[in-house]
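Just so you know, all these numbers are worked out from the coordinates, no wet-lab data involved. The model shown is predicted, which means the values in this text are computed figures rather than measured ones. Using ideal geometry, Cβ is built from the backbone for each residue, glycine included, and neighbour counts are taken over all protein chains shown.
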Amino acid sequence: MAGSGKLFFTLEELKDWSHAGAGLNPPARLAVIGDPIAHSRSPQMHNPALEACGIAAQYVRVHVPAGRVKEALDLFVQQGFIGVNCTIPHKFEALATVSHVDPLAQRLGAVNTVWIRDGVTYGYNSDGPGFLRSVEEAFGARVKNLRVLIFGAGGGAGRAVAVQCALEKCPAIMLVNRTRSKLDGLKAELEEVSPETKVTILGEEPEALASAFEEADLIVNSTPLGMKSEDAPPFDLGYLDPRHLVYDMVYTPPGRKTPLVAHASQIGAKTCDGLALLLHQGAISFEHWFQCPAPLEAMRAGLVAA
Ligand code: NAP
């Protein structure tokens, strides 16, 4: 059965793969790398997907420290892997390491999906398109029609969301980041991608924030606030109203909502959490690797059961 056996390995084990990977049946041909990585739920969706498609391969987690992505990718190539997902903190290093970068990944500034074909590494970004698909599924809305307010816009995920929204030519993008200086270059880049989009940088001033919430349709949290149950919300929840579409990129253990999602649901706003992004970015990675539609419901069931 796909997904059986040990699913967590270290880079040292990858070097000694003839021993470390020997007991795997079917063999490991896909992996997610990160630091930390033990918590990753990606195997729980990709292994059911592989099984549903009758592909005799399994998906494992490999712990790779920062600075060693090239070494890891070279080993994956040598060991005959098909694909790799890269998560925190490797998306930028992967961009700089793969042999070919897809234009969208270049534009979003990060690679989270590597496809290995004939010994060559090709880098893609499935987070941006995964965001679009999850917005459509959760809210029945197209990003191109929404005015978007992004918290944590200076981080890797927030930046990718902002650029993806600009590529969709949405009418307005409002950016908030704790370290405001990180947004200077981003504003200019968004304006270059979509001159017709109104791009605004906001600080913490209550009046400016209140009018941004009044203008916005879609509110995105791309800070890590909410990962821990004791975290404060990313903004004063009193700004939310029931017409807002609330997208929290953070995903939490089953049965626990982030304070943001809990409050938004309580006041009757539509919500989407990080599990939806995990699912849809995973489906798009699968489509790159196997060039066929991903078995989305098998993946969703695997995630929910995890
Ligand atoms: P990142 O590059 O480290 O960026 C973190 C962002 O959050 C930065 O803008 C940072 O602001 C801000 N931030 C951090 N701590 C904060 C605090 N205490 N108060 C206010 N702002 C704070 O991380 P990332 O890769 O973008 O990921 C961000 C979140 O999205 C994580 O929770 C991650 O798990 C989630 N995510 C989920 C998925 C998914 O599949 N569901 C995919 C990607 C990311 P500064 O610039 O001031 O440091």
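Here the 3J(HN,Hα) profile of region 150-167, calculated from phi with Karplus coefficients 6.51, -1.76 and 1.60 at θ = phi - 60°, is 10, 9, x, 5, x, x, x, 6, x, 5, 4, 5, 4, 5, 4, 5, 5, 4 Hz, Gly and Pro shown as x.
Helix 127-139 versus the longest principal axis of the chain: what angle, 0 to 90°, nearest 10, using Cα atoms? Tilt relative to the chain: about 60 degrees. Among the GluC sites (Glu not before Pro) within region 178-219, those in coil by DSSP and having at most 13 neighbouring Cβ atoms inside 10 Å are Glu196, Glu204. Bridging of Lys169 to lysines at a Cα separation below 30 Å is possible for Lys91, Lys144, Lys182, Lys187, Lys198, Lys270, once same-chain residues fewer than 8 apart are set aside. In this structure the amide hydrogen of Ser126, modeled in the peptide plane, comes within under 5 Å of the amide hydrogens of Asn112, Thr113, none closer than 5 places in sequence on its chain.
Charged neighbours of Arg180, selected by a Cβ distance under 13 Å, balance to 0 (K, R count +1; D, E count -1). Among residues other than Cys170 with Cβ under 11 Å from its Cβ, the summed charge is +2 (Lys and Arg +1, Asp and Glu -1).
Helix 274-290 axis versus longest C-alpha principal axis of the chain: approximately 40°, rounded to the nearest ten.
The mean sequence separation of alpha-carbon pairs under 8 Å and at least six residues apart, normalised by the residue count of the chain, gives a relative contact order of 16 percent. Using alpha carbons only, how many degrees (0 to 90, rounded to 10) separate the axis of helix 296-305 from the longest principal axis of the chain? Roughly 90 degrees, rounded to the nearest 10. Within region 59-92, the trypsin sites (Lys or Arg not before Pro) that combine a DSSP coil assignment with at most 16 other C-beta atoms in a 10 angstrom radius are Arg68. For His63, the amide hydrogen comes within under 5 Å of the amide hydrogens of Phe9, Thr10, Leu11, counting only partners 5 or more places away or on other chains and with H modelled in the peptide plane. Shown here for region 212-276: trypsin sites (Lys or Arg not before Pro) in loop regions (DSSP other than H, G, I, E, B) with at most 12 other Cβ atoms within 10 Å, namely Lys228, Arg243, Arg256. Here Lys70 is the anchor, and the aspartates and glutamates within straight C-alpha reach of less than 20 Å, apart from those fewer than 8 places off in the same chain, are Glu12, Glu13, Asp16, Asp35, Glu93, Asp102, Asp118. Taking every DSSP helix (H) stretch of at least 4 residues in the chain, weighting each as -39,500 (n - 2.57) and dividing the sum by the residue count yields a mean residue ellipticity at 222 nm of -11500 deg cm²/dmol. Taking Lys and Arg as +1 and Asp and Glu as -1, the other residues whose beta-carbon sits under 12 Å from that of Phe151 total -2. Using alpha carbon centroids, what distance separates region 32-57 and region 250-306, in Å? Rounded to whole Å, the Cα centres lie 14 Å apart.
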